[in-house]
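This report refers to the structure that appears directly beneath it.
The values are calculated or read from the model by the stated rules, or taken from the named source; none is laboratory data. Given the structure is predicted, the values throughout are model-derived calculations rather than measurements. Cβ sites come from the backbone with ideal geometry, for glycine too, and all protein chains shown count toward neighbours. Side chains included, ligands, DNA and RNA excluded: accessible areas come from the protein's heavy atoms. Shrake-Rupley method; radii C 1.70, N 1.55, O 1.52, S 1.80 Å.
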Amino acid sequence: MAIQFPCPSCHKQIEIDGEWAGRTVECPYCQAAVPAPSAPASDTGDRVMARPIAESPQYGFAEPYSEKPTGNPIAVVALVLALIGTALIVAMSLVAQAKLAAMFPPGATPTPEQLQEAMKSAMQKGDMGLAVASLGMLAGGLVALAGFVCAIVALTRPVRRGIAIAALLIAIAPVLLVLAQLVAG
């Protein structure tokens, strides 16, 4: 059985289910904590159902149950950072490879000493392409690292962990590629 009564705060007519009689409820109009009467009051005017408020020992009432969180913005940030960092690393690696390939005859496999000498020579000539590519790879690595850290934090959240896992995998992909090249070479 529904109980109807005026809110003592805003004076609008509200209605509650009979099971909430004698308990504290929230007025749907002014959100004030209102003690519900144990017996029905007069039936006048339009009414809106009030929401029950769970009792709390600290304040006498508490906010109603909030819905489950629906998003994980940290996971989205992690994914964006991981994608940008990985793309920057790949792009700058391709630039560096192209610059180095132009310094040697086609099909040649230079030694690490020859590569170092070629880079030193290019920088002495004022060609900063390799330095810019190296700095770009470093910046990409730092951005991907930030994405990795955000992905770890996002995994602690209860929702949308799939995005966080994807960000984690994308952020560590360049590291795995470098390790694979070291093992193969």
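Take the stretch 170-185 and flag every residue that is part of a helix (DSSP H, G or I) and either in contact (Cβ under 8 Å) with a residue 60 or more places away in the chain or exposed (fewer than 14 other Cβ atoms within 10 Å of the Cβ) (or both). If the condition is that a residue be part of a helix (DSSP H, G or I) and either in contact (Cβ under 8 Å) with a residue 60 or more places away in the chain or exposed (fewer than 14 other Cβ atoms within 10 Å of the Cβ) (or both), then I170, A171, A173, P174, L176, V178, L179, A180, Q181, L182, V183, A184 are the ones that fit.
The set of residues from the stretch 106-145 being touching a Ser or Thr at 6+ places or on another chain (Cβ under 6 Å) and either more than 26 Å from L176 (Cα to Cα) or loosely packed, with under 14 Cβ neighbours inside 10 Å (or both) is empty.
Does at least one position in the stretch 94-105 carry a residue that is touching a residue at least 40 places away in the same chain (Cβ under 8 Å), open to solvent by less than 50 Å² (accessible area, probe 1.4 Å) and not in a helix (DSSP H, G or I)? No, there is no match, as no residue in the stretch 94-105 is touching a residue at least 40 places away in the same chain (Cβ under 8 Å), open to solvent by less than 50 Å² (accessible area, probe 1.4 Å) and not in a helix (DSSP H, G or I).
For the stretch 108-138, a tally of residues being assigned to a helix (DSSP H, G or I) and over 37 Å from the mean Cα position of the chain (by Cα) returns 13.
In the stretch 130-147, the residues that are farther than 18 Å from L79 by Cβ reach residues that are basic (K, R) and in a helix (DSSP H, G or I) with C-beta atoms within less than 6 angstrom, at least six apart or across chains, in these pairs: L130/K99. I'd like the full set of residues that are in a helix (DSSP H, G or I) and open to solvent by less than 70 Å² (accessible area, probe 1.4 Å), limited to the stretch 149-161. Selection gives C150, A151, V153, A154.
Within the stretch 153-185, the set of residues being among the hydrophobic types (A, V, I, L, M, F, W, C) and in contact with a helix residue (DSSP H, G or I) (Cβ under 7 Å, 6 or more places away or on another chain) comprises V153, A154, L155, I163, A164, A166, A167, L168, I170, A171, I172, A173.
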